[in-house]
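> Take this structure first; my questions come after.
The values are calculated or read from the model by the stated rules, or taken from the named source; none is laboratory data. Note that the structure is a prediction, hence the values are computed from the model and not measured. So basically every Cβ, Gly included, is an ideal-geometry build from the backbone, and we count neighbours across all protein chains shown.
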């Protein structure tokens with residue numbers, strides 16, 4: 001029985017909490033159109049992973065620091081150079097990947113296998129990785145549920161939020177840092193290259209069924225659970241990389257649901 005193995009049990013628990021991260025923060029990322037920024041942060045964090053290998057410490061620690069630094073730089077650039085923020089993001093994206101490769105190349109001995117960080121492998125999640133994911137997902141639930149109405153106001157109507165006396169800059173900093181933390185938490189599940197898809201595809205699938213924010217978060221979480229678990233199970237059965245299979249399932253579910261909704265509308269129109 002495969003579920004008796006400890007690494008499989010950790011993977012299943014990770015599936016549950018990864019779904020929460022995707023459903024809650026992924027919905028906000030897609031609504032605020034921070035999709036490309038999320039991808040840029042994920043790729044830039046590779047510099048931190050390479051630095052971790054060079055220093056002989058857990059790569060997730062410096063990766064988290066790099067991701068946090070990058071999102072705050074991007075936030076600053078958006079405020080000061082809004083028309084050039086995408087350019088700066090692209091440069092940080094490339095710089096992070098380049099530095100990561102340089103740091104890995106500088107490490108004495110044989111170069112480490114970076115596949116699990118680039119493409120993810122949910123079966124390699126350690127107890128420490130799992131604890132971090134649990135902490136992140138529960139923190140997001142706490143942060144975004146306690147002041148849900150204030151978050152909606154700040155994320156979608158900044159001017160009104162300022163008139164209400166809310167500290168918009170502080171809330172935005174928390175949101176941007178949340179993106180950095182979410183990206184790092186998801187790296188072991190789907191990898192740097194595929195993190196963007198798992199944070200955006202379930203929320204986009206949920207948007208096919210509801211436009212309201214809270215129900216969309218809930219539906220997105222359910223879709224994330226289904227696709228991550230299905231992808232993990234299929235990858236185990238046919239012996240292929242789990243991160244890639246999870247994304248394939250997630251994207252196929254989106255197109256299947258979108259096509260089904262379109263066909264339903266066409267049939268209703270004919271009647």
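> Tell me whether the range 237-245 contains one or more residues that are over 17 Å from the mean Cα position of the chain (by Cα), surrounded by 15 or more Cβ atoms within 10 Å (Cβ to Cβ) and under 29 Å from residue 45 (Cα atoms).
Our first condition is that a residue be over 17 Å from the mean Cα position of the chain (by Cα); within the range 237-245, this holds for 237-241.
If we keep only those that are surrounded by 15 or more Cβ atoms within 10 Å (Cβ to Cβ) too, we end up with 241.
Cutting the leftovers down to under 29 Å from residue 45 (Cα atoms) gives us 241.
Yes.
> Does the range 151-170 hold any residues that are at pLDDT 85 or above, surrounded by fewer than 16 Cβ atoms within 10 Å (Cβ to Cβ) and in contact with a helix residue (DSSP H, G or I) (Cβ under 9 Å, 6 or more places away or on another chain), and which are they? Quick ask: steps written out before the conclusion?
Applying the first criterion (at pLDDT 85 or above) to the range 151-170 yields 151-153, 169-170.
Then drop every residue that is not surrounded by fewer than 16 Cβ atoms within 10 Å (Cβ to Cβ), which leaves 169-170.
The answer is 169, and nothing else.
> Here's another thing I want to ask about it. Restricting to the range 184-209, and then to whatever is modelled with pLDDT under 90 and in a loop (DSSP other than H, G, I, E, B), can you tell me which residue is farthest from residue 63 (Cα to Cα)?
Within the range 184-209, the match that is farthest from residue 63 (Cα to Cα) is 194.
> Residue 137: within 22 Å of the chain's Cα centre (by Cα), at pLDDT below 80 and at negative phi, yes or no? Spell out how you get there, then give the answer.
Numbers: within 22 Å of the chain's Cα centre (by Cα): yes; at pLDDT below 80: no; at negative phi: yes.
No: the conditions fail for residue 137.
> Continuing with this model, one more query. State which residue is farthest from residue 12 (Cα to Cα) when the search covers only the range 106-127 and only residues that are at pLDDT below 85 and under 17 Å from the mean Cα position of the chain (by Cα).
118
> Follow-up question, since we're still on this one. Could you give me the residue pairs with C-beta distances under 7 Å whose first residue belongs to the range 135-160 and is in contact (Cβ under 8 Å) with a residue 60 or more places away in the chain, whose second residue is not in a helix (DSSP H, G or I) wherever it lies, and which are 6+ apart or on separate chains?
Short answer, once both residue conditions are applied: 155/32.
> Say whether the condition of being out of contact with any helix residue (DSSP H, G or I) (no Cβ under 9 Å at 6 or more places or on another chain) and within 14 Å of residue 14 (Cα to Cα) is met by at least one residue in the range 128-142.
Initial filter on the range 128-142 (out of contact with any helix residue (DSSP H, G or I) (no Cβ under 9 Å at 6 or more places or on another chain)): 131, 142.
Now restrict to residues that are within 14 Å of residue 14 (Cα to Cα): 131.
So far as the range 128-142 goes, yes, one or more of its residues are out of contact with any helix residue (DSSP H, G or I) (no Cβ under 9 Å at 6 or more places or on another chain) and within 14 Å of residue 14 (Cα to Cα).
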